[in-house]
Every structure is written in structure tokens, then in C-alpha cells.
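Derivation of every value follows stated rules applied to the coordinates shown; laboratory data play no part. Please read all numbers here as calculations on a predicted model, not as lab measurements. So basically every Cβ, Gly included, is an ideal-geometry build from the backbone, and we count neighbours across all protein chains shown.
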Amino acid sequence: MSEILLKIDGKEVKAREGMTVLEAAQRAGISIPTLCHHEKLEPYGACRLCIVEIDMRGWKKLVVSCLYPVAQDLVVTTKSEKINRIRKMIVELLLAHAPDAFDLQDLAREYGADRDRFEKESSFCIHCGLCVRYCAEVKKKHAVGFVNRGANREISFIPEVASKECWNCKECFPLCPTEALQAAYVLTEALMSHTRQ
Amino acid sequence: MDKERIDQIIDKHHSDPSSLIQILLDIQAEHHWLPKEALEQISERLQVPMTRVQHIATFYKAFSLVPKGRHQIHICMGTACHVRGASRVLDTVEGLTGIKPGETDLDLKFSLETVNCLGCCALGPVLEIDGKTHGKMAPVQTADVLKNYD
Ligand code: SF4
Ligand code: FES
Ligand code: FES
């Protein structure tokens, strides 16, 4: 596989073809904030927090680093006033949905995001898809999935699958950046035991 | 809807997972809604996880996961129909059927929805039942039209 040379934050970085900018940066010890990325899962690009600016022979563009493939001579900037402003906005929008999520509060501190900038619409889930994808891709159980769409999208456990698989697994719980996943499971559990009676 | 009929529909699409939406549409068209048992049967036959079937069935407005009546009433509440008295048509239908928009009556005869412009404003106020358009509706005509359905 051919080697690719690119520059991230002024540092020469070696990468392999097919890698994403995020992977290349992480390998070079450059940290980029992420919420929906997980090394065991297919790239998803939902949270947009990993946004960076690329420069291809003078042509500048904002891209999400967890999806964007490396290319020879690519120049990447992972931190700048502009990028930080975008990340701040993303965190503020997410905080409207999950105001008490610890991960978001940490990010808010880092980027100076105002927790109360947008009116609260606490749905708790920020649609990162980690739980859904982990269950499907790693565990291959498909116990939890998304239902509905747009602002009403939420996760939902399939009770018949959940009652068999989830109690002994729960590996998705620590992945959730908010408490939404656990809450949904507890609810499903309650409904299951209710119907069993 | 019985299991055999659902099997027939799935067979017609050669149990092809990429025909999932088409299969759901066929069942929706025939049965007016998608019972959970049907979704499970599809999931099993197509070897598509239930999470995916559910995701699609809840994504598109064309699908309903709750029982729908035999006849779908759509009342236009668009601007043109509104100024020509759509709310009186809606009141009449609500009164005669006993249901509000988004609901279905207990006999599963009618389901009621409102829409914003059916694209034939000159005919307003417009009422559509099972895809057939009834224009220039006043309360009396509305009642007459509803009588034709059972
Ligand atoms: S429940 Fe948590 S892990 Fe699952 S999609 Fe929502 S925020 Fe992500
Ligand atoms: S980590 Fe890249 S979009 Fe979420
Ligand atoms: S407003 Fe009713 S058809 Fe256009």
C-alpha cells in the first residue's frame, strides 16, 4: 500500500492510502475532538465536531476529518479561530438536547460554549449512533435502532431481542455520550417485565 | 391480513432485501397499516434486522404502524381552501365521523388527516377521499359525499 505524506498543523505526517484525516492525525499524536467516532465502527459523520480545514493547492474547504480520506500533499488545520467557533456552535446545539451530558460539558468548557444559548429541547439523545452501530456492527445483534426522523428521531430497543441479549451485554452503555441510552433500556426493560406479568 | 398473503407479497419480490420498501408499500396499500407481526415476518423472510424494518417503517409518512380506516380522508387546510371555508368542512367531517385529524374511528371506516394544499386551489375548499378529489365543498355537500362510503 502506498505511503502518503501530508501536513497536519504544520507537522509532516505519514499515512497509508485509505486512511482518514482523523486516523492520520491521531497516529501523529494530534488530537481532534470527536463524539460519534469509534475505532471499531465504520465512519459515520454525524456529530460534525471533528471538523477541520483542508488546503489542497490553495483550495480551502471545511471537511469532517473522520470521513475525509488522506491525500498526498494535503495541508490540514485542526485548530483555528474559525474551526473553534464552529465547534462551539455544535456543542451549544447539542447541549440544547442533552444539557447535563458530562462529555458535552467538558467540551463546552474547552470551547467556551454557552449551555443556555439555545432553548432546551431535552431529548437526551444526540443521534451519534454509537449504540445502534455498535450493536449492529460489533455485536451483530441489532437490538437497538433508530425510529422516526428529523428532530423526532430516537432510539428504540426491539423488546424480543433486548430481552435475550442485552442484560448480559450492555457494552453500548459506556459508549453513550449522554444518559439517553441507559434510560431507553431501562424503559424497555420495565415494559418487558410489565407484559410478562 | 393473514400470513399467507404477506408471504405471497414477499414472494412476488423474490424475498429480496432491497425490495423492503416496496414490500412495505404493498402491504400498506392493501391493509392500510403495518401490524407488528407483518414487520416481524418480513424481517425473518428477508433476513433484514427488525431494527432496520422499524427504522424504515417509521421514517416514511406513507406507512402507518397503527390501524387505519378503510377510507382515508384528507382535508385541505391550505391558504386558498382556508379562506374559502375549509374549517367548516373540517368541522362537518369531525362531527359526522367523530374523529379529529390524525385519528381513526373505532369501526375502522375513516381516517382523517389535514394537508396543506392539494394543488387544485381553484376548486377549494377541497376534500380528498381515497385519492379522489371533491371540490367546492360546503357542509351539505360534504355530508352527501361521506354518505357514499361504507
Ligand atoms: S442513545 Fe446515546 S449512544 Fe445512542 S445514539 Fe443517542 S446519544 Fe448516541
Ligand atoms: S467524529 Fe466526525 S462527525 Fe462525529
Ligand atoms: S389550498 Fe387547498 S388545494 Fe391549494
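Mind putting a number on the dipole of the protein assembly as shown about its Cα centre? Charges go on the C-beta only, +1 for Lys and Arg and -1 for Asp and Glu, and I need it in Debye to the nearest 20.
With Lys and Arg at +1 and Asp and Glu at -1, about 760 debye.
If each DSSP helix of 4+ residues adds -39,500 (n - 2.57) and the sum is divided by the residues in the protein assembly as shown, what number results at 222 nm, nearest 500 deg cm²/dmol?
So the helix-based figure for the protein assembly as shown works out to -11000 deg cm²/dmol.
Measure off 7 Å from each Cα along the Cα-to-Cβ vector at B:A29 and B:C117, then give the distance between these two points in nanometres to one decimal.
2.8 nm
Classify the stretch B:3-59: rounded, prolate or oblate, from the alpha-carbon gyration tensor (a ≥ b ≥ c, eigenvalue square roots; a/c under 1.5 rounded; otherwise prolate if a/b is larger than b/c)?
rounded
Specify the angular offset, from 0 to 90 degrees and rounded to the nearest 10, of the alpha carbon long axis of helix B:86-97 from the longest principal axis of the alpha carbons in chain B.
Once rounded, the angle reads 60 degrees.
What is the set of long-range amide H partners of A:H142 at a cut-off below 5 Å, with H atoms built 1.01 Å from backbone N?
A:A136
Any idea what angle helix B:20-31 forms with the longest principal axis of chain B, computed on alpha-carbon atoms, 0 to 90 degrees, nearest 10?
The two axes meet at around 50 degrees.
Could you state the angle between the C-alpha long axis of helix A:102-111 and the longest principal axis of the C-alpha atoms of chain A, as a value from 0 to 90 degrees rounded to the nearest 10?
On a 0 to 90 degree scale, this one is about 30.
Let me spell out the model: positive unit charges on the Cβ of Lys and Arg, negative unit charges on the Cβ of Asp and Glu, origin at the Cα centre of chain A. What dipole size does that give, in debye rounded to 20?
300 debye
Averaging the inverse of every distinct alpha carbon separation and then flipping it gives the Kirkwood radius. What is it for chain B, in angstrom units?
16.7 Å
I'd like the distance between the alpha-carbon centres of the stretch A:52-102 and the stretch B:80-150, rounded to an integer number of Å.
50 Å
Could you tell me what a quarter of the Cα convex hull surface of the protein assembly as shown works out to, in nm² with one decimal place?
The Cα convex hull of the protein assembly as shown, projected and averaged over all directions, gives 24.4 nm².
What is the ratio of the Cα radius of gyration of the stretch B:71-147 to 2.2 N^0.38 Å, with N the residue count, to two decimals? Walk me through the numbers before you get to the answer.
On the way: Rg = 11.1 Å, N = 77, 2.2 N^0.38 = 11.5 Å.
In units of the globular-protein estimate, the stretch B:71-147 measures up at 0.97.
Hey, what's the Cα Rg ratio for the stretch A:1-95 versus the globular rule of thumb, 2.2 N^0.38 Å?
Here the answer is 1.03, to two decimals.
If you take the Cα Rg of chain A and divide it by 2.2 N^0.38 Å, with N the number of residues, what do you get?
1.16
If you keep only loop residues by DSSP, which trypsin sites (Lys or Arg not before Pro) in the stretch B:1-90 have at most 16 other Cβ atoms within 10 Å of their Cβ? All intermediate terms of the calculation are to be shown ahead of the outcome.
Values: sites: B:K3, B:R5, B:K12, B:K36, B:R45, B:R52, B:K61, B:K68, B:R70, B:R84, B:R88; in loops: B:K61, B:K68, B:R70, B:R84.
Passing sites in the stretch B:1-90 are B:K61, B:R70.
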